[in-house]
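Below: the structure, in structure tokens.
Bear in mind that the values in this text are calculations on the coordinates, not laboratory data. Because the structure is a prediction, the values reported are computed rather than measured. Cβ coordinates were reconstructed from backbone atoms using ideal geometry, including for glycine residues, and neighbour counts include every protein chain displayed.
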Ligand code: FEO
């Protein structure tokens, strides 16, 4: 069982995760327009990943006897600048999401909601991985700058990103 307060906070996070998915899909489309199919693929996989984050939280709310309330999703930007700027924006966004997850954890601790603390631990760990993955892309992007050969090489590496493991259907 979760409190009404926790239910509202988790529903808010469902919306934020949906926005993340929406933003990465917009970034994927934008990368296609730049002629960077590997970047576009990586963003498309990130979109899939965020949908998984949404679904996991949605399932948790229901499993605790809570009510899901889906809200309007904010419109993402259409353009994100050059390749380095795209991934800098991605890093900033993931750092923002990490902050949101930590606030949720603070609430679960304050409410002595042990089940939600255990549930949220998965997201805490996931955010460490997400930030680390993006940092690993920002660093080489900084090195190559606008060098076409360097960007093409990174594009090929990003094209190899695998799809996330699908969640079991409830
Ligand atoms: Fe769902 Fe990228 O955090």
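Want the number for residue 139 to residue 68: 0.36 nm per residue separation, take away the alpha-carbon distance, what's left?
21.7 nm
Modelled label-to-label distance, residue 156 and residue 124, 7 Å Cα→beta-carbon offset: nm?
Simple spin-label model gives 4.1 nm for this pair.
Could you state the number of Å between the C-alpha centres of the range 79-108 and the range 141-170?
So the two Cα centres are separated by 18 Å.
Given a 10 angstrom Cα cut-off, can you work out which residue in 109, 86, 61 is the most mobile in a GNM of the chain?
Looking only at 109, 86, 61, the biggest GNM fluctuation is shown by 109.
So what is the relative contact order for the chain, in percent, with contacts set as C-alpha pairs under 8 Å and at least six apart?
31 percent
Subtract the Cα-Cα distance of residue 77 and residue 112 from 0.36 nm times their separation in residues, and report this length gain in nm to one decimal.
Stretched fully, the residue 77-residue 112 segment lengthens by 8.8 nm.
Which residues among the range 12-38 fall inside the zone where the amide N is under 13 Å from a point 7 Å beyond the Cα of residue 103, along Cα→Cβ?
Output list for this probe position: 12-17.
Run lengths n ≥ 4 of DSSP H only: what is the helix-derived mean residue ellipticity at 222 nm for the chain, with -39500 (n - 2.57) per run over all residues, to the nearest 500?
Helix contribution divided over all residues of the chain: -26500 deg cm²/dmol.
Name the residues of the range 1-43 whose amide N is less than 20 Å from a point 7 angstrom out from the Cα of residue 96 along the C-beta direction?
Flagged as within label range: 9-31, 43.
Evaluate E = 1/(1 + (r/R0)^6) for residue 148 and residue 48, where r is the Cβ-Cβ distance and R0 equals 22 Å; express this FRET efficiency to the nearest 0.05.
Plugging the Cβ-Cβ distance into 1/(1 + (r/R0)^6) gives 0.15.
Semi-axes of the equivalent ellipsoid of the chain: what are they in whole Å, largest first, if each equals the square root of 5 times a C-alpha gyration tensor eigenvalue?
Result for the chain: semi-axes of 33, 15, 14 Å.
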